[in-house]
Amino acid sequence: MELAARYPNLHVSRHPLVLHKLSLLRDRTTEPKKFRELVRELSWLLGYEAMADLTTQPLDVETPLETTAGAELEPKVGLVPVLRAGLGMVDAMLELMPSAEVWHIGLYRDERTLKPVEYYNKLPDAATVQVCLILDPMLATGGSSAATVDILKQWGAARIKQVSLIAAPEGVATLSSAHPDVDIHVGAVDRALNERGYIVPGLGDAGDRQFGTFAGPASEPGHAIGDEAAEVVRRLQRSLAGEDRGQSSVPKEPPPDR
């Protein structure tokens, strides 16, 4: 079954510019400066698509010649980049929505268990926006995204969208099972996760490639795998396969994205 048919909340871009720029982004020879530029350009294109269904209210506009009917965006929009890779997506979204609020949530993945650990959250006591866009280049296992949605729903956000450059089927399944009301906007859905929880074919580690922090072959995706982390990925893959057989696919304690 096609993933998009299985999950109506999944929106995969078919824009030719998105396809072209994703190919450049994946290229292992693309240097950090160019990589950051491509992340920004792709974020602009995907953000444009993700905000296509936001509501507006009527507004009278005085042109140099006469008054005419116009429109202004109705809901307040908040951008929630997941640290640190999501930071590269913020500027492009602010170009589209200069009035958007930006709130940061920090999660890291325990390399042994692949579970999310929250280390930074500066959200105010009550929600100040109606629509939140979670910005994270990679939707891998889906755990970080599901945890971020939990935080935002507890905060009081009325509507939440996920915007990512690429996704793995396992991540789409995890986030959709936990939060079927969250729209997922991506540039591409790749083949699968590898045993360490990285998207393949993917583009490597989005944070490392943006900020030039690649530490050598030992830190490449697929190295230094632990038995517990590998079992988490296998469980996610079994859960996804179970959906094809009509079985329940909701994993317990979903692990986070890379």
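The values are calculated or read from the model by the stated rules, or taken from the named source; none is laboratory data. Quantities reported herein were computed from a predicted structural model and do not represent experimental measurements. Cβ sites come from the backbone with ideal geometry, for glycine too, and all protein chains shown count toward neighbours.
Within region 124-140, which residues are in a loop (DSSP other than H, G, I, E, B) and out of contact with any Phe, Trp or Tyr (no Cβ under 7 Å at 6 or more places or on another chain)?
Of everything in region 124-140, those that are in a loop (DSSP other than H, G, I, E, B) and out of contact with any Phe, Trp or Tyr (no Cβ under 7 Å at 6 or more places or on another chain) turn out to be Pro124, Asp125, Ala126, Thr128, Val129, Gln130, Asp136, Pro137.
Considering region 167-185 alone, what residues qualify as being among the β-branched types (Val, Ile, Thr), crowded, with 24+ Cβ neighbours inside 10 Å and under 19 Å from Gly47 (Cα atoms)? Give the steps one after another, and end with the answer.
As a first pass, look at region 167-185 and keep what is among the β-branched types (Val, Ile, Thr): 172, 174, 182, 184.
Now drop any that are not crowded, with 24+ Cβ neighbours inside 10 Å, which leaves 172, 174, 184.
Across region 167-185, the qualifying residues are Val172, Ile184.
Residues that are polar (S, T, N, Q) and under 14 Å from the mean Cα position of the chain (by Cα), at least 1 per element: which helices (runs of 4 or more DSSP H) completely within region 1-50 meet that? Lay out the reasoning, then the answer.
Details: elements: 3-6, 16-26, 32-50.
Here the list reads 32-50.
Looking at this structure, is Pro75 at pLDDT 95 or above, surrounded by fewer than 19 Cβ atoms within 10 Å (Cβ to Cβ) and not in a helix (DSSP H, G or I)? Break it down stepwise before answering.
Numbers: at pLDDT 95 or above: no; surrounded by fewer than 19 Cβ atoms within 10 Å (Cβ to Cβ): yes; not in a helix (DSSP H, G or I): yes.
Considered against the rule, which asks whether it is at pLDDT 95 or above, surrounded by fewer than 19 Cβ atoms within 10 Å (Cβ to Cβ) and not in a helix (DSSP H, G or I), Pro75 comes out as no.
From the list Asp150, Asp136, pick out the single residue that is on the phi < 0 side of the Ramachandran plot, at pLDDT 90 or above, surrounded by 20 or more Cβ atoms within 10 Å (Cβ to Cβ) and not aromatic (Phe, Trp, Tyr).
Working: Asp150 fails: surrounded by 20 or more Cβ atoms within 10 Å (Cβ to Cβ).
Result: Asp136 is the single residue among Asp150, Asp136 that is on the phi < 0 side of the Ramachandran plot, at pLDDT 90 or above, surrounded by 20 or more Cβ atoms within 10 Å (Cβ to Cβ) and not aromatic (Phe, Trp, Tyr).
Restricting to region 148-162, give me the number of residues that are touching a Pro at 6+ places or on another chain (Cβ under 9 Å) and closer than 27 Å to Ala5 by Cβ. Can you show your working first?
Of all residues in region 148-162, those touching a Pro at 6+ places or on another chain (Cβ under 9 Å) come to 148, 155, 158-159.
Then keep just the ones that are closer than 27 Å to Ala5 by Cβ; that gives 148, 159.
Within region 148-162, residues that are touching a Pro at 6+ places or on another chain (Cβ under 9 Å) and closer than 27 Å to Ala5 by Cβ number 2.
Please find, within region 81-115, the residue that is modelled with the lowest pLDDT out of those that are in a strand (DSSP E or B) and over 22 Å from Glu41 (Cβ atoms).
Initial filter on region 81-115 (in a strand (DSSP E or B)): 81-83, 101-102, 105-109.
So of that shortlist, the ones also over 22 Å from Glu41 (Cβ atoms) come out as 101, 105-109.
Values: Glu101: 93, Ile105: 84, Gly106: 82, Leu107: 76, Tyr108: 71, Arg109: 66.
That would be Arg109.
Which one of these is acidic (Asp, Glu) and within 19 Å of Glu95 (Cβ to Cβ): Glu41, Glu66, Glu62, Glu31? Don't jump to the end; show me each part of the working.
Values: Glu66 fails: within 19 Å of Glu95 (Cβ to Cβ); Glu62 fails: within 19 Å of Glu95 (Cβ to Cβ); Glu31 fails: within 19 Å of Glu95 (Cβ to Cβ).
The unique qualifying residue is Glu41.
Looking at (1) exposed (fewer than 14 other Cβ atoms within 10 Å of the Cβ); (2) modelled with pLDDT of 90 or more; (3) of a type in the set (D, E, K, R); (4) within 21 Å of Ser176 (Cα to Cα), which is the only condition Glu49 fails?
Unmet for Glu49, out of (1) exposed (fewer than 14 other Cβ atoms within 10 Å of the Cβ); (2) modelled with pLDDT of 90 or more; (3) of a type in the set (D, E, K, R); (4) within 21 Å of Ser176 (Cα to Cα): (1).
So for region 54-66 (the condition being in contact with a Leu (Cβ under 9 Å, 6 or more places away or on another chain) and either part of a loop (DSSP other than H, G, I, E, B) or buried (at least 20 other Cβ atoms within 10 Å of the Cβ) (or both)), does at least one residue qualify? Give the derivation first.
Initial filter on region 54-66 (in contact with a Leu (Cβ under 9 Å, 6 or more places away or on another chain)): 54-57.
Pick out the ones that are also either part of a loop (DSSP other than H, G, I, E, B) or buried (at least 20 other Cβ atoms within 10 Å of the Cβ) (or both) and you get 54-55.
Yes, there is a match, as at least one residue in region 54-66 is in contact with a Leu (Cβ under 9 Å, 6 or more places away or on another chain) and either part of a loop (DSSP other than H, G, I, E, B) or buried (at least 20 other Cβ atoms within 10 Å of the Cβ) (or both).
Only one of Leu3, Leu42 is at pLDDT 95 or above, surrounded by 13 or more Cβ atoms within 10 Å (Cβ to Cβ) and among the aliphatic types (A, V, I, L, M). Can you tell me which? Walk me through how you get there before you give the answer.
On the way: Leu3 fails: at pLDDT 95 or above.
Result: Leu42 is the single residue among Leu3, Leu42 that is at pLDDT 95 or above, surrounded by 13 or more Cβ atoms within 10 Å (Cβ to Cβ) and among the aliphatic types (A, V, I, L, M).
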